[in-house]
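This report concerns only the one structure given below.
The values are calculated or read from the model by the stated rules, or taken from the named source; none is laboratory data. The shown structure was predicted, so the numbers you read here are calculated from the model rather than taken from an experiment. All Cβ positions, even for glycine, are placed from backbone atoms using ideal geometry, and neighbour counts span all protein chains on display.
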Amino acid sequence: MLSRRLSAILYVFSGSFDRESFASLKGRFRYMALAQKNYSLYRRNVHRLEKALIMRPRRAKFAEDYIAELVSSHNALSPQLEDIHLEWGQHVLEEYFLAIEEGSSLIIDSARQEFTADKNRNSQDRCKVPHTYADKIMSDVSYEQMLNLAKARKSVRWFIDKPVELSLIEKAVEVATQAPSACNRQPFTFHFTNIPEKAQKIASYAMGSAGFISNIQSIVCIVGDLSYYDSTHDRHVIYVDSSLANMQMLLALETLGLGACVLNWPDIADRDKKISTYLQLPDYQRVINLVVVGYPDPEGLIPYSDKKTSGQLIKEI
C-alpha cells in the first residue's frame, strides 16, 4: 500500500524534485543575503501595512512587529527610488503614520522618527494609498464583451512573416501586471525576443512545438523567482502568480491584434537545464511558461477546442 513515507523515498531516489529543492534553497539564501535591500520583503510589508489600514474596525496601533523593518528597508532602497518605484511605499507609510497617534507606541514612534528624518521626501499628493471601492477605476466592459473576448482567444500556431513590436508586448505586460499576486510581490519577469531564429530555438526546448516551429516569429518566456520567499511553503506561489499574470497577458494580446499559443512546459530536467542556460537564469529562477506570439495568418487553421460548461465545473459546498 502506498504511504507518504514510501512515496517520499521513491521520489528521493528518483531525483524528480532535485532541481526544485535546489532552486528553493538557493532562493532562500539569496532572500536572506539581500537583508534590508530585499525588495520582495519590502513589497510584502507595504502590502501588509495597507491591508491593516483597511481593516474594520481599524486598531489604534498596529504593525509593531514589522514597521521598523519596513522603514529600514524603505530608507535603504530610497536611493534607487526612481529605478524601483518606491512611491507606493512612501505614500502608504505616510498614511500609516498619520493614522497612528504619536506616543501610543515607542516602537512606532521610533520608526516614525527614522522615516520622517528626510523632510525632502514628503509627498505632495498621496495617490497610492487605500481608497474606497466607490473611488476605484471602474470598467465599462460588459459581461458579454468579456465573454466574447475570452471566446475569441484561441491558440494560434500560424503567423504571417512580420515581427511583433516590443511596444505591443509592453502594453500586454502592463495588463498582466494588474493580476492579483500574493502580497503584491509579483515574483516574475517576461523574457521576450522578436528574432525568429532565437524564438524558434527557445521553442524547441518545449513539447508540442515541432509541427509549427519554423513559423514562430516571437516568444515570451515567463520566469518565476524563488528568491522572493523566505520559506519553502511558498515555493508554489511563483506558478500561481505567474499563471494569473500570463492569462491577463494573453487576453491583452488578443485586443492588440496578436495571436498566441502557450507551449506545454513539462518538468523535464534536460529541457529545463537547456532553456535556463540559454536564458542565463540563476539557480533560483525557473521557467514557468512559454508563449509564442505573432500576427495571425488569416488563412491559418485553429482548433475549436470545445470547453467544459460552468455546470460541469462548479461544485457547490
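Computed quantities for the displayed model
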| read-out | value |
| --- | --- |
| Any hit, the stretch 302-311, residues being surrounded by 13 or more Cβ atoms within 10 Å (Cβ to Cβ), over 28 Å from Leu168 (Cα atoms) and either outside the structural domain of Lys162 (by TED's automatic domain parsing) or of a type in the set (D, E, K, R) (or both) | no |
| The stretch 259-317, residues that are part of a strand (DSSP E or B) and among the aliphatic types (A, V, I, L, M) | Ala260, Val262, Leu263, Val287, Ile288, Leu290, Val291, Val292, Val293 |
| Given (1) closer than 19 Å to Glu254 by Cβ; (2) touching a Lys or Arg at 6+ places or on another chain (Cβ under 8 Å), index of the condition Val173 fails | (2) |
| Members of the stretch 140-150 found to be closer than 17 Å to Met247 by Cβ and outside any helix (DSSP H, G or I), listed by number | Val141 |
| Condition met for Lys128 (touching a Phe, Trp or Tyr at 6+ places or on another chain (Cβ under 7 Å) and outside the structural domain of Trp265 (by TED's automatic domain parsing)) | yes |
| Any hit, the stretch 203-210, residues being in a loop (DSSP other than H, G, I, E, B), in contact with a helix residue (DSSP H, G or I) (Cβ under 7 Å, 6 or more places away or on another chain), within 24 Å of Ala172 (Cβ to Cβ) and at pLDDT below 95 | yes |
| Qualifying position, being within 23 Å of the chain's Cα centre (by Cα) and surrounded by fewer than 17 Cβ atoms within 10 Å (Cβ to Cβ), among Ser204, Ser167, Ser142 | Ser167 |
| Qualifying positions in the stretch 151-200 - in a helix (DSSP H, G or I), in contact with a helix residue (DSSP H, G or I) (Cβ under 7 Å, 6 or more places away or on another chain) and in contact (Cβ under 8 Å) with a residue 40 or more places away in the chain | Ala152, Lys171, Ala172, Val173, Val175, Ala176, Ala182, Cys183, Asn184 |
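For every residue, the table says whether it meets (1) β-branched (Val, Ile, Thr); (2) touching a residue at least 24 places away in the same chain (Cβ under 8 Å).
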{"position": "Met32", "(1), (2)": "no, yes"}
{"position": "Asn38", "(1), (2)": "no, yes"}
{"position": "Asn45", "(1), (2)": "no, yes"}
{"position": "Arg59", "(1), (2)": "no, no"}
{"position": "Ile67", "(1), (2)": "yes, yes"}
{"position": "Ser72", "(1), (2)": "no, yes"}
{"position": "Ala76", "(1), (2)": "no, yes"}
{"position": "Leu93", "(1), (2)": "no, yes"}
{"position": "Thr116", "(1), (2)": "yes, no"}
